[in-house]
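Visitor: Before anything else, here's the structure in question.
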Amino acid sequence: MSAHVLIKLEGLDEAATVFSGCVKGEELMDLDHNDVQGIGSIKYELNVSMYGEKELVVEAQLDVPLKLQCVRCLGTFDYMLPVRAVISREVSADLLEVDIAEELREEILLAMPAYPKCELSGHECKIHDISEDFGLDKSPLPGVNSAAASGRNVWDALDGISTSPTS
């Protein structure tokens, strides 16, 4: 990871100091996946406070532009991921600045949708699981034997298993 988000500690106190800016998404996230890609600059706003001499607290709001791959249709779509996080870090009195890029990267990764679908971006997916696209509610083709059509359940095969202990 080559991106840095540096916070200068000099002059910080319990009153929040606001820092804002941008960092290149590709550099901060450092992803090696084809299904998730950073596609621009990540905008951030940080409310930074110092409690005592040792605790740095950062309330972060990020807007992360991504290109995601839909788990249904495998198409790609653009998505603006909002990330809200609170980072607390113990710092020593001799430090002049702190780099919180790694903590921000972790928060972004945790906020990413586990199963992204086209609907996240407001687009309609090519495949709809509530329609007939998956064939779950279709009758079998003529001449195809189906356990469901005969009224039998696939779990009925387990009824013949003995549950008594063998010696």
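The values are calculated or read from the model by the stated rules, or taken from the named source; none is laboratory data. This structure is a prediction, so every number in the text was calculated from the model and none was measured. Glycine also receives a Cβ, built like all others from the backbone with ideal geometry; neighbour counts cover every protein chain displayed.
Visitor: Consider segment 85-126. How many of its residues are farther than 20 Å from Leu66 by Cα and surrounded by 16 or more Cβ atoms within 10 Å (Cβ to Cβ)?
Guide: So the answer is 4.
Visitor: Sticking with this structure for a sec: Hey, does segment 134-146 have a residue that's exposed (fewer than 11 other Cβ atoms within 10 Å of the Cβ), of a type in the set (A, V, I, L, M), over 30 Å from Gly52 (Cβ atoms) and modelled with pLDDT of 85 or more? Step through it out loud before you land on a result.
Guide: Keep residues of segment 134-146 that are exposed (fewer than 11 other Cβ atoms within 10 Å of the Cβ), which gives 135-139, 141-146.
With of a type in the set (A, V, I, L, M) added as a condition, the list becomes 136, 141, 144.
Now narrow it down to the ones that are over 30 Å from Gly52 (Cβ atoms): 136, 141, 144.
When the remaining residues are screened for being modelled with pLDDT of 85 or more, the result is none.
For segment 134-146, residues exposed (fewer than 11 other Cβ atoms within 10 Å of the Cβ), of a type in the set (A, V, I, L, M), over 30 Å from Gly52 (Cβ atoms) and modelled with pLDDT of 85 or more: absent.
Visitor: Limited to segment 48-66, what total is found for residues that are closer than 14 Å to Gly21 by Cα and exposed (fewer than 15 other Cβ atoms within 10 Å of the Cβ)?
Guide: 1
Visitor: Is there a residue in segment 110-129 that is modelled with pLDDT under 75, acidic (Asp, Glu) and either closer than 30 Å to Leu28 by Cβ or out of contact with any Ser or Thr (no Cβ under 7 Å at 6 or more places or on another chain) (or both)? If you could, list the steps in order and put the result at the bottom.
Guide: The first filter runs over segment 110-129 and keeps only residues modelled with pLDDT under 75, leaving 128-129.
If we keep only those that are acidic (Asp, Glu) as well, we get 129.
Add one more test, that the residue is either closer than 30 Å to Leu28 by Cβ or out of contact with any Ser or Thr (no Cβ under 7 Å at 6 or more places or on another chain) (or both), and what stays is 129.
Checking segment 110-129: at least one residue is modelled with pLDDT under 75, acidic (Asp, Glu) and either closer than 30 Å to Leu28 by Cβ or out of contact with any Ser or Thr (no Cβ under 7 Å at 6 or more places or on another chain) (or both).
Visitor: Separate question: Find the residue count for segment 21-55, including only residues that are assigned to a strand (DSSP E or B) and either more than 13 Å from Arg105 (Cα to Cα) or at pLDDT 85 or above (or both).
Guide: Qualifying residue count for the region: 16.
Visitor: Do we have any residue at all in segment 67-76 that's closer than 15 Å to Glu103 by Cα and either without any contact (Cβ under 8 Å) to a residue 40 or more places away in the chain or in a strand (DSSP E or B) (or both)? Outline the logic, then answer.
Guide: Looking only at segment 67-76, we keep the residues that are closer than 15 Å to Glu103 by Cα, and these are none.
Within segment 67-76, not a single residue is closer than 15 Å to Glu103 by Cα and either without any contact (Cβ under 8 Å) to a residue 40 or more places away in the chain or in a strand (DSSP E or B) (or both).
Visitor: When you go through Arg105, Arg89 one by one, which is the residue that is assigned to a strand (DSSP E or B), among the basic types (Lys, Arg) and either touching a helix residue (DSSP H, G or I) at 6+ places or on another chain (Cβ under 8 Å) or farther than 30 Å from His123 by Cα (or both)? Let's see the steps before the verdict.
Guide: Values: Arg105 fails: assigned to a strand (DSSP E or B).
Going through Arg105, Arg89 in turn, the sole match is Arg89.
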